[in-house]
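The values are calculated or read from the model by the stated rules, or taken from the named source; none is laboratory data. In this text, all values refer to a predicted model and were calculated from it rather than measured experimentally. Heads up, the Cβs are rebuilt from the backbone with ideal geometry, glycines too, and the neighbour counts pull from every protein chain shown.
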Amino acid sequence: MLSDTERALALPLGAVPNAEKGHPSRITVVIGPDGTLEKRYETVNPMDHADEVLRDLGGTPPVVKSGVFRKLLKKLFDKFG
């Protein structure tokens with residue numbers, strides 16, 4: 001997660017329409033060790049996005065698809081979006 005109040009990265013990555021106004025888009029970018037853009041996610045589902053990124057990076061996502069924790073996450077996302 002990055003706070004980019006000056007829009008130094010948001011503008012070149014296309015997360016904001018221009019330097020002066022507009023709300024930034026909620027996008028995810030994966031930047032490789034050499035500083036190159038490896039992957040860009042334009043649209044994300046908060047419930048599954050972390051697992052998606054972990055899979056794309058070659059990791060194994062945690063198993064949180066059922067049970068109390070999954071219900072809690074759903075309740076939080078329903079309430080706060």
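Of all residues in region 31-54, exactly one satisfies the criterion of being in contact (Cβ under 8 Å) with a residue 12 or more places away in the chain, surrounded by 12 or more Cβ atoms within 10 Å (Cβ to Cβ) and either small (G, A, S) or within 16 Å of D4 (Cβ to Cβ) (or both), namely R40. Residues in region 9-43 that are hydroxyl-bearing (S, T, Y), closer than 23 Å to G59 by Cβ and under 15 Å from the mean Cα position of the chain (by Cα): T28, Y41, T43. The set of residues from region 28-58 being part of a loop (DSSP other than H, G, I, E, B) and touching a Leu at 6+ places or on another chain (Cβ under 7 Å) comprises just one member, M47. Of the conditions (1) at pLDDT below 85; (2) part of a helix (DSSP H, G or I), V63 fails just one. Which one is it? Here V63 meets the rest and fails (2).
Would region 5-25 turn up any residue that is at pLDDT 80 or above and in contact with a Phe, Trp or Tyr (Cβ under 8 Å, 6 or more places away or on another chain)? No; the residues of region 5-25 include none that is at pLDDT 80 or above and in contact with a Phe, Trp or Tyr (Cβ under 8 Å, 6 or more places away or on another chain).
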